[in-house]
Amino acid sequence: MRWFILFALAASTFATPGSALAPSRLSPTAQRDVQCFLLYASAAGSSESAANANVLQAALLGTSYFAGKVKVGTPGLNLTDYVREEAEALQANPRIKEIGAGCDAEIDAFSTDMRTVSKELQELAPRSPAS
């Protein structure tokens, strides 16, 4: 139940009243991003997340990352309506583990990129003189 509340709050944040885009019109990339959003939102509400703060943090990061991609990549999408339709299809999808692995790989690549950027920025930062 907790994951559903978390998901509903996240999805309602990205709903755009009055300009809902039909789910069938989503590009394959946007559909995959919504699937990833669903998988991470579900993970955020899992018993494993409840027992492990690091798992919860990773799941919330993934949820936010993919929600942001959907919001930017598909303006006008009412995520709440689309998720209702996509959730059932995703549960019955025999490729769900493959989809999840692809989502994880994208998050891993993004995290690696962000660590690289952070390191480069730290190298550019002026050094304070030793006291």
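Read-outs: derived from the displayed coordinates by stated rules, not from any lab. Owing to the predicted nature of the structure, the values given are computational and were not obtained by experimental measurement. All Cβ positions, even for glycine, are placed from backbone atoms using ideal geometry, and neighbour counts span all protein chains on display.
Pick out, in residue order, every one of the trypsin sites (Lys or Arg not before Pro) in segment 49-131 that is DSSP loop and has at most 10 other C-beta atoms within 10 Å; say none if there are none.
Those satisfying the criteria are R127.
Counting other beta carbons within 10 Å of each residue's own, what order do T80, T112, T63 fall into, fewest first?
Exposure proxy ranking, most exposed first: T112, T80, T63.
Sort L124, L39 so that the residue with the fewest other Cβ atoms within 10 Å of its own Cβ comes first and the one with the most comes last.
Sorted ascending by nearby Cβ count, the order is L124, L39.
Separation between the R84 and S46 pseudo-spin-labels, each 7 Å from Cα along Cα→Cβ, expressed in nm?
2.7
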